[in-house]
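The structure appears right after this line, and notes come after that.
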Amino acid sequence: MYNTNHMKSSLPYITFALILSLFFNSCTKDFKEINTDPYVFTTASDGSLFNGVIESLVPSGNEQMYINNEILYKQTQLAALTKEAWGNFTIGTESMWSNYYHTLPAIRELEKRFKLLPDSAEANNMRAMLKIALAYKTFKMTDIFGDMPFLDAGYGYQDLEYLRPKFDSQESIYTFLLGELKWCDENIDVTAISEEPFPTFSGFDPLFRGDMLKWQKFANSLRLRYALRMSEKKPDLAGEIIKGIVENERPIFLGYDFTTYLGESACLWPAQIGFKNVGLSWSFLEHENLRMGSNIWHQLSYNDSIDGSGIFDPRAYIFFETNNVSKWVSYPQIPEASTPPSGGIPYGTQRDVTGSFGIKGETCIYSPFNYFFAWDENFMPIPLITGAEINFILAEAYFRGIGLPQDPNQGENEYMNGLNASVTWWMEVASKSKLPSSGMSFPDQIQIPPGLGQSTVQSAFGFWNVTTDEEKLAFIYTQRWLDAFRQPMEAYALSRRTGMTPREGDPIHHYRLPYPPSEVEYNTANWAEAVANQGGDSPETKLWWIP
């Protein structure tokens, strides 16, 4: 883990030189070393740098524990936080900030090198891969913090003037990145894969293995996600982007195409890439306080029957499991003083031993997260964006007429595509899940009733069950929110933008995370200006795109 006590927005030259030397001499930690031509040192070094950029997309243990588990699952009500035992969320924000700004100089170095390449389709493909990865990382950061150092950041090793870069507005970052992604769509050549340095460089791409069609789909899928996100504040630009992608049939990820399951996505699959997502298991083992909340339970089951007879959604069995006596019991989303406390050891290592899977502790009286979800370090994917999400985005665009002719029927078709895709995708993920030590598989330990599937979810959430447009729109948001169960930051964005995701109690009023203390200390003047421009540095300060 990086020493965040000495982290700066943009690394000094000496620190970056050390990082470069580490990249030059090996592939990055936890990723497979890839055999390359020993005589192609320059391109191998470029590949190593890019491999490190992709590795940085893996959330750290501190991010998963202090941000996801402690804050975002509670704020989105995808789960219930039974006890706030880890108030020092700045450990998580420092981890996110450090990850981004320690990776950015490597990205800037690659940008500098790519400018020296002769013009070719292969070189443009390499440029596009880097731009898309940078866009994904930057959107994620600005959607948590708001304004941030970006256009001048990452150049400190080249020019000391940029050691304390200015903050760019979130609006300008969005506009710039969406323009970059459009360039990627227009300049990617899916047939240009044979000329060096692309073949060597693509060998260091653990995300898509150099498959440029998938990179192109990733770019356009991100354009749809963020165009819709800013649609309340920049409706003309958002509509133009959505319209251009749909009407020109640009490549995008899809989950379902009417009768055909596609299951497309951008995910990091640990076992395929060659690393273990140990931060996931650590975050649950150390945290212990997440349980199935009453809010999400009521989106998965018709009633509160503890025998599970009311469950209509198979994802209930994938996201959660029964308590210590094999009963389904949700923790109240808004507990009363008399609510019995949660306890037990549902995320302990003792369960990853053959014959001991059911040992959750006598005081585990509420349904915990599924142990496979929390402990599968090898086969549980890290989703960046799913095809189901794109179907839901298209459903909302058609239903509300954002960039597209308002068409409720087409909106319903895309909604059903998303619902079917999400259910199928998650059931496929579960079928392949295994525990890291014992090798026990999900199907061997947890039996999803055979009658549960797409049709049973449709029976509860089909548009025919409601009559008003508002109710139908709420269904779209509910299913997109459920699909984002392993992407709490995306569910957080959806909740903040719409205010219509399932919720008990007051509307969400948590909109962002404060900047980490290190940035306040080392980039004080620029931080103060950014805070003044945004109206504060508190969770109650709305981001630019929030209505």
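Go through the range 155-194 and give me each residue that's acidic (Asp, Glu) and modelled with pLDDT under 95.
Answer for the range 155-194, where residues must be acidic (Asp, Glu) and modelled with pLDDT under 95: Asp159, Glu161.
Taking the range 390-414 on its own, how many of its residues are under 16 Å from Thr478 (Cβ atoms) and either under 21 Å from the mean Cα position of the chain (by Cα) or not in a helix (DSSP H, G or I) (or both)?
5
For the range 485-505, enumerate the residues that are among the β-branched types (Val, Ile, Thr) and either part of a loop (DSSP other than H, G, I, E, B) or in contact with a Leu (Cβ under 6 Å, 6 or more places away or on another chain) (or both).
Within the range 485-505, Thr501 is the sole residue that qualifies.
So that you can scan it fast, the table gives a plain yes or no per residue for (1) part of a loop (DSSP other than H, G, I, E, B); (2) within 20 Å of the chain's Cα centre (by Cα); (3) touching a residue at least 60 places away in the same chain (Cβ under 8 Å):
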site: Pro507; (1), (2), (3): yes, no, no
site: Glu521; (1), (2), (3): no, no, no
site: Glu529; (1), (2), (3): no, no, yes
site: Ser538; (1), (2), (3): yes, no, no
site: Lys542; (1), (2), (3): yes, no, no
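Which residue, of Glu396, Glu377, Glu362, is in contact with a Gly (Cβ under 8 Å, 6 or more places away or on another chain), within 26 Å of Lys74 (Cβ to Cβ) and surrounded by 18 or more Cβ atoms within 10 Å (Cβ to Cβ)? Outline the logic, then answer.
Working: Glu377 fails: in contact with a Gly (Cβ under 8 Å, 6 or more places away or on another chain); Glu362 fails: surrounded by 18 or more Cβ atoms within 10 Å (Cβ to Cβ).
None of the other options fit; the residue is Glu396.
Could you list, in sequence order, the residues of the range 445-495 that are among the small types (Gly, Ala, Ser) and either touching a helix residue (DSSP H, G or I) at 6+ places or on another chain (Cβ under 8 Å) or more than 16 Å from Ile393 (Cα to Cα) (or both)? Before the answer, list the steps.
Taking the range 445-495 first, the residues among the small types (Gly, Ala, Ser) are 451, 453, 455, 459-460, 462, 474, 484, 491, 493, 495.
Answer for the range 445-495, where residues must be among the small types (Gly, Ala, Ser) and either touching a helix residue (DSSP H, G or I) at 6+ places or on another chain (Cβ under 8 Å) or more than 16 Å from Ile393 (Cα to Cα) (or both): Gly451, Gly453, Ser455, Ser459, Ala460, Gly462, Ala484, Ala491, Ala493, Ser495.
Which of the residues belonging to the range 164-194 are hydrophobic (A, V, I, L, M, F, W, C) and either not assigned by TED's automatic domain parsing to the domain that holds Tyr136 or not in a helix (DSSP H, G or I) (or both)?
Phe167, Ile188, Val190, Ala192, Ile193
Looking only at residues in the range 496-535 that are polar (S, T, N, Q) and touching a helix residue (DSSP H, G or I) at 6+ places or on another chain (Cβ under 8 Å), which one is surrounded by the most Cβ atoms within 10 Å (Cβ to Cβ)?
Thr501
Keeping to the range 358-405, report how many residues are closer than 22 Å to Asn220 by Cβ and of a type outside the set (Gly, Ala, Ser).
Here the count works out to 19.
Does Ala128 satisfy being small (Gly, Ala, Ser) and crowded, with 20+ Cβ neighbours inside 10 Å?
yes
Scan Arg486, Arg503 and give me the residue that is farther than 23 Å from Gly411 by Cα and either in contact with a Ser or Thr (Cβ under 8 Å, 6 or more places away or on another chain) or free of Cβ contacts under 8 Å to residues at least 12 places away in the same chain (or both).
Exactly one of Arg486, Arg503 is farther than 23 Å from Gly411 by Cα and either in contact with a Ser or Thr (Cβ under 8 Å, 6 or more places away or on another chain) or free of Cβ contacts under 8 Å to residues at least 12 places away in the same chain (or both), namely Arg503.
Answer yes if at least one residue in the range 325-332 is of a type in the set (Val, Ile, Thr) and assigned to a loop (DSSP other than H, G, I, E, B), and no otherwise.
Yes - at least one qualifying residue is present in the range 325-332.
Could you give every pair whose Cβ atoms fall below 8 Å, whose first residue belongs to the range 353-364 and is in the same structural domain as Ser441 (by TED's automatic domain parsing), and whose second residue is at pLDDT 95 or above and of a type in the set (A, V, I, L, M), counting only separations of at least 6 or pairs across chains?
Thr354/Met440; Phe357/Met440; Ile359/Ile345; Lys360/Ile345; Gly361/Ile345; Cys364/Ile345
Take the residues of the range 311-337 that are over 21 Å from Pro443 (Cα atoms) and not aliphatic (A, V, I, L, M): which is surrounded by the fewest Cβ atoms within 10 Å (Cβ to Cβ)? Step through it out loud before you land on a result.
First pass over the range 311-337, keeping only residues over 21 Å from Pro443 (Cα atoms): 329-337.
With not aliphatic (A, V, I, L, M) added as a condition, the list becomes 330-333, 335-336.
On the way: Ser330: 23, Tyr331: 24, Pro332: 14, Gln333: 20, Pro335: 16, Glu336: 6.
It comes out as Glu336.
Go through the range 66-117 and count every residue that is over 20 Å from the mean Cα position of the chain (by Cα) and without any contact (Cβ under 8 Å) to a residue 40 or more places away in the chain.
Qualifying residue count, the range 66-117: 6.
Taking the conditions exactly as written (in a helix (DSSP H, G or I) and modelled with pLDDT under 80), does Phe24 satisfy them or not? Walk me through it before giving the result.
Details: in a helix (DSSP H, G or I): yes; modelled with pLDDT under 80: yes.
Yes: the conditions hold for Phe24.
What number of residues within the range 140-166 are within 20 Å of Glu540 (Cα to Cα) and hydrophobic (A, V, I, L, M, F, W, C)? Steps first, please.
Of all residues in the range 140-166, those within 20 Å of Glu540 (Cα to Cα) come to 140-148.
From what is left, the residues that are hydrophobic (A, V, I, L, M, F, W, C) are 141, 144-145, 148.
Final tally of qualifying residues: 4.
Against the definition (touching a Gly at 6+ places or on another chain (Cβ under 8 Å), closer than 19 Å to Ala80 by Cα, among the polar types (S, T, N, Q) and free of Cβ contacts under 8 Å to residues at least 60 places away in the same chain), how does Thr339 come out, yes or no?
Criteria not met by Thr339.
Does at least one position in the range 118-132 carry a residue that is at pLDDT below 95 and farther than 25 Å from Pro517 by Cα?
Taking the range 118-132 and keeping what is at pLDDT below 95, we get 118-119.
Within this subset, residues satisfying the condition of being farther than 25 Å from Pro517 by Cα are 118-119.
The answer is yes; a qualifying residue exists.
The values are calculated or read from the model by the stated rules, or taken from the named source; none is laboratory data. All values reported here derive from a predicted model rather than from experimental measurement. As a convention, Cβ positions derive from the backbone with ideal geometry for all residues, glycine included, and neighbour counts pool all protein chains shown.
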